[in-house]
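Computed from the coordinates by the stated procedures, all read-outs in this text should not be read as laboratory data. Just so we're clear, the structure is a prediction, and the values are computed from it rather than from any experiment. Cβ placement follows ideal geometry from the backbone for every residue including glycine, while neighbour counts extend to all protein chains displayed.
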Amino acid sequence: MLYPNLAKAMKEEDVTKTDLANLLQVHFNTITAKLEGETTSQKTNYQIGFTLIEAVMIKNIFFKKYDLNWLFAFKTQTKSA
């Protein structure tokens, strides 16, 4: 899990991966990949996890009482897609 604090907050606040997928308008599998730290690579684009905009949206909609830095503090272990 790339974001252990986010996973903890999701459990505490009863927020599902489907909730995140609906908010960000992406597929459920995309959310799972982002949470697990899977990488995507297209030419010069390289991304692991959530973008800053996605993180702020998730925090502002579902986790207002949590600190953004705490929510999205991540482990450095990643998987290749």
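For segment 8-22, the Karplus equation 6.51 cos²θ - 1.76 cosθ + 1.60, evaluated at θ = phi - 60°, returns couplings of 5, 5, 4, 5, 5, 9, 6, 9, 9, 4, 5, 4, 5, 4, 5 Hz by residue, with Gly and Pro reported as x. The stretch between Met57 and Val26 holds 9.8 nm of extra length on full extension. This uses 0.36 nm per residue minus the Cα-Cα distance.
For segment 4-71, the alpha-carbon coordinates run over 38, 22, 19 Å along the three principal axes, in decreasing order.
Return, ordered by residue number, the residues of segment 1-38 whose backbone nitrogen is under 16 Å from a label point located 7 Å along Cα→Cβ of Lys65. Residues 6, 8-15 qualify, since their backbone N sits under 16 Å from the label point. Charged neighbours of Leu24, selected by a Cβ distance under 14 Å, balance to +1 (K, R count +1; D, E count -1). Taking the Cα centre of segment 4-71 as origin and assigning +1 to Lys and Arg Cβ atoms and -1 to Asp and Glu Cβ atoms, the resulting dipole is close to 120 debye. Once both labels are positioned 7 Å from their Cα atoms along Cα-to-Cβ, the gap between Lys11 and Ala73 label points is 1.7 nm.
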